[in-house]
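Enquirer: Got a structure for you, questions after.
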Amino acid sequence: MTTKGFTGRGDTSLTLVVKDKTNKVNTSDYRHHLSRIMSHLKKEKDVKSVLTLLNAPASSHAALTGKDNHTSIGFISLKTEEGYAINELPAMEQRLDMLLKKNT
């Protein structure tokens, strides 16, 4: 499982893109990995909330699922101002990458 990183940013939010080349979005393996990513992100001091397929309303699942059925998007709301977040995002992304590499 890989992430495409933080591909978009609003004032204090990020768009998270998660892709698993092996498992489809609707499988238990994909959801398990997504759950671990969510748990990790929620522990970050600057993260206010995380919205993914796992906690979004069922009516939005199609919009959060990529056409390839191996990709989903999520949204991360931050507690910090944009200027501070810009400086902290590379470290947060690196910690997430280390988590994913450690468990592949």
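Nothing in this text is a laboratory measurement; each read-out follows from the coordinates by a stated rule. This structure is a prediction, so every number in the text was calculated from the model and none was measured. A quick note on method: Cβ atoms are made from the backbone with ideal geometry, for glycine too, and the neighbour counts reach across all protein chains shown.
Enquirer: Dividing the alpha-carbon radius of gyration of segment 21-104 by 2.2 N^0.38 Å (N being the number of residues), what value is obtained?
Expert: The reported ratio for this selection is 1.15.
Enquirer: Taking the mean number of other Cβ atoms within 10 Å as a proxy for protection, how do you rank 92-99, 71-78, 48-55 from highest to lowest?
Expert: 71-78, 48-55, 92-99
Enquirer: How many nm is it between the label spots at Glu88 and Ala56, if each spot is 7 Å from the Cα in line with the beta carbon?
Expert: 2.4 nm
Enquirer: When the chain is fully extended, how far beyond the present Cα-Cα distance does Asn69 get from Asp29, taking 0.36 nm per residue of separation?
Expert: Here the answer is 13.1 nm.
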